[in-house]
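Peer 1: Take a look at the following structure, please.
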Amino acid sequence: MSQPAGHLEELREIVAEVLELEPEEVADGGDFVEEYEADSLRAIEILARIEKRYKVEIPQSELNEMRNLKAVYDVVARYAGWGE
């Protein structure tokens, strides 16, 4: 598994756990709020778990961007320096 794919699957597992879903239920482009009924507390929990897992600090102002798995990956990659 390539590194980006590995990170994406790790993020999928984190998101699925917080949203109480199976990882395969979390689509790359599935909107967390509209499709999975996530609220702001769950969004903050996802952010906190990601920060702890990858030892990065992501401002809460980024939460508006983190509406689906692909967007979460893009934000985390930017702060974690993946692909550089």
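Peer 1: Against the definition (surrounded by 14 or more Cβ atoms within 10 Å (Cβ to Cβ), closer than 25 Å to Gly81 by Cβ and hydroxyl-bearing (Ser, Thr, Tyr)), how does Tyr54 come out, yes or no?
Peer 2: yes
Peer 1: What is the residue count in the stretch 44-84 for residues that are closer than 15 Å to His7 by Cβ, under 12 Å from the mean Cα position of the chain (by Cα) and of a type in the set (A, V, I, L, M)?
Peer 2: 10
Throughout, read-outs are computed from the coordinates displayed, never taken from laboratory work. Since the structure is predicted, the reported quantities are computational estimates derived from the model, not experimental observations. Neighbour counts are summed over all protein chains in view; Cβ atoms, including those assigned to glycine, are modelled from backbone coordinates with ideal geometry.
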